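The values are calculated or read from the model by the stated rules, or taken from the named source; none is laboratory data. The shown structure was predicted, so the numbers you read here are calculated from the model rather than taken from an experiment. Don't worry about glycine lacking a Cβ; one is built from the backbone with ideal geometry, like all the others, and counts go over all protein chains shown. Quick note on the areas: whole protein, heavy atoms, side chains included, nothing else; ligands and nucleic acids left out. Shrake-Rupley method; radii C 1.70, N 1.55, O 1.52, S 1.80 Å.
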Amino acid sequence: MKHRPNDWSRRRFLASTGAAPVAGLLASKCAPPPEAPAEIGDVYERLGVRPFINAAGTYTALTASLMPAEVRAAMADASQQFVSLSELHTAAGTRIAELVGAEAALVTTGCAAALTQATAACVCGTDQNAIRQVPNTTGLKQEVIIQRSHRFGYDHAIRNVGVELVEVETRAELEAAVTDQTAMLFFLNVANTRGQIQREEFAEIGRQAEIPTLIDAAADLPPADNLRAFTRMGFDLVGFSGGKGLRGPQCSGLLLGRKDLVEAAYLNGSPHGNSIGRIAKVGKEEIVGLTRAVELYLEKDHEAEWAEWEARVSAIIDAVTDIPSVEGKQFVPEIANEVPHARITWDPTRIALTRDDVAQALREGHPRIEPRPSAADASRLELGVWMMEAGDHKVVAGRVAEILAQEAGA
Ligand SMILES: *Cc1c(COP(=O)(O)O)cnc(C)c1O
């Protein structure tokens with residue numbers, strides 16, 4: 001067995017052997033953290049999988065987020081005793097609903113599962129025959145209305161229930177599309193400004209038509225107020241990921257909303273064996289972990305956290321702006337992942353590197369660094385700082401500066 005470097009020694013290693021042009025920068029800026037973090041095991045090393053510094057954000061394929069120590073401890077606690085899964089679901093749902101001021105809440109295995117169970121709730125309600133029958137929707141309401149610009153990959157989670165998506169564009173089309181076959185109206189929050197009908201109006205149309213509305217807000221924390229905003233706005237059901245901004249377990253999600261519908265969503269999923277949502281079972285560890293994560297999220301000093309993210313972004317920008325033709329800027333996406341990011345651009349005639357070249361070099365380095373996935377300009381790199389661990393931004397700043405400076409001949 002090889003020596004197990006913990007986070008701490010990894011950083012010291014970096015500080016002493018950082019690549020030539022930036023060794024000084026790393027050594028001088030890489031102050032030891034106030035407390036040495038607990039030793040990190042070698043589970044990934046043993047599998048030959050190399051971890052990375054997350055300079056991307058909460059991307060599922062990059063394992064999204066890391067849980068705070070309190071959440072990890074809660075999950076470890078939960079894993080050591082038996083409980084009734086239904087009692088736990090009910091108790092955690094009640095607690096989370098109280099915390100966020102919703103009528104009811106259900107812990108799911110992710111936002112995608114929340115979409116499936118919410119749809120099933122609108123199609124089947126609490127009818128046991130219907131719950132057993134779907135995805136065969138014969139004799140049940142089988143249409144979900146969606147704005148065309150809100151179609152997205154995860155709408156598969158809705159279609160799992162056997163419903164058909166009816167696409168509309170205008171308010172008049174939406175109102176005309178509502179029939180006795182309509183089970184639900186679906187809204188994708190990140191697409192808010194892409195469609196002709198925006199959130200408030202959409203929720204209001206649902207209320208008037210007496211058709212339940214569901215909004216997918218998976219990646220829309222922060223702002224923390226979103227935990228309350230959409231139910232207040234009038235949406236009957238709201239889905240969030242538990243493993244993104246909430247920093248709960250990666251396999252967790254949250255369905256909030258109307259009590260009767262959340263109860264029906266629960267009956268359409270685990271622990272009920274003969275239900276469409278049973279494939280998305282949530283374990284006791286995730287239920288407890290997400291509950292703790294919601295508590296921590298609401299207690300957190302969001303302003304201080306924001307200030308820390310901005311400081312990281314400016315440290316990264318400062319490290320690169322002396323390089324000829326390189327510019328750095330902070331940006332905040334308008335919806336989803338609504339946090340400070342760094343955008344670094346350069347003149348391709350001065351620095352003959354594409355975004356993918358830089359990403360590849362970051363990935364191959366030691367430590368490995370993963371930048372924000374992007375289909376954007378070839379000479380533009382985006383970095384997310386909110387999923388970085390303490391001190392990571394300095395390492396990233398040094399490494400990005402090194403890669404660009406080398407090619408700029410600076
Ligand atoms: C991440 C995401 C999902 C899926 O969420 P999980 O918690 O991974 O199941 C659904 N919708 C949107 C908009 C997302 O960003």
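With θ taken as phi - 60° and the Karplus curve 6.51 cos²θ - 1.76 cosθ + 1.60 applied, the whole-hertz 3J(HN,Hα) list for segment 254-260 is 9, 10, 10, x, 4, 4, 5 Hz, x standing for glycine and proline. You can think of it this way: the chain between Q330 and L85 has 83.7 nm of extra reach, that is 0.36 nm per residue less the Cα-Cα gap. Pairs exceeding a 22 Å alpha-carbon distance, out of K244/K284; K300/K394; K244/K281; K244/K300; K244/K329: K300/K394; K244/K329. Applied to segment 62-67, the Karplus parametrisation 6.51 cos²θ - 1.76 cosθ + 1.60 on θ = phi - 60° returns per-residue 3J(HN,Hα) values of 9, 6, 6, 8, 10, 7 Hz, with x for Gly and Pro. Evaluating kT/(6 pi eta Rh) at 10 °C and 1.306 mPa s, with the Kirkwood radius of segment 302-408 over Cα pairs in the Stokes-Einstein relation, gives 115 µm² s⁻¹.
When F235, F331 are compared by accessible area of protein heavy atoms, the largest-first order is F331, F235, using a 1.4 Å probe.
For segment 201-313, the extents of the C-alpha atoms along the principal axes are 48, 37, 21 Å, listed from largest to smallest. Here the dipole of the chain is about 1100 debye; that uses its Cα centre as origin and unit charges on the Cβ of Lys and Arg (positive) and Asp and Glu (negative). Excluding ligands, DNA and RNA, the accessible surface per residue across the chain is 46 Å² with a 1.4 Å probe.
The spread of Cα positions in segment 260-356, taken along each principal axis and listed from longest to shortest, comes to 63, 32, 24 Å. When the solvent-accessible area of the chain is split by element, carbon and sulfur atoms take up 50 percent of it, the probe being 1.4 Å. Label sites at A315 and A76, each approximated as a point 7 angstrom past Cα along Cα to Cβ, lie 2.7 nm apart. Ordering T138, T108 by accessible surface, largest first, gives T138, T108; the 1.4 Å probe counts only protein heavy atoms, with every chain in place. With every protein chain in place and a 1.4 angstrom probe, the accessible-area ranking of H150, H393, largest first, reads H393, H150. P(r) tail for segment 82-299: Cα pairs beyond 28 Å make up 21% of the total.
Note on segment 49-136: Cα convex hull, mean projected area over all directions, 9.2 nm².
Given R0 = 35 Å, the distance between the Cβ atoms of R50 and T138 translates into a calculated FRET efficiency of 0.10.
Each DSSP beta bridge with both residues in the chain is either parallel or antiparallel, and the antiparallel ones are about 50%.
In this view, the solvent-accessible surface of D77, computed with a 1.4 Å probe and all protein chains in place, comes to about 100 Å². Among L267, G125, I197, which residue has its Cα furthest toward the positive end of the charge dipole of the chain, with +1 on Lys/Arg Cβ and -1 on Asp/Glu Cβ? It is L267, whose Cα lies furthest towards the positive end. For the chain, the alpha carbon convex hull comes to 150 Å³ per residue, rounded to a whole number. Using the average count of surrounding beta-carbon atoms within 10 Å as a protection proxy, the listed peptides 333-344, 361-372, 285-296 rank, highest first, as 285-296, 333-344, 361-372.
Seen against the Cα atoms of the chain and their longest principal axis, helix 199-209 is set at about 10 degrees.
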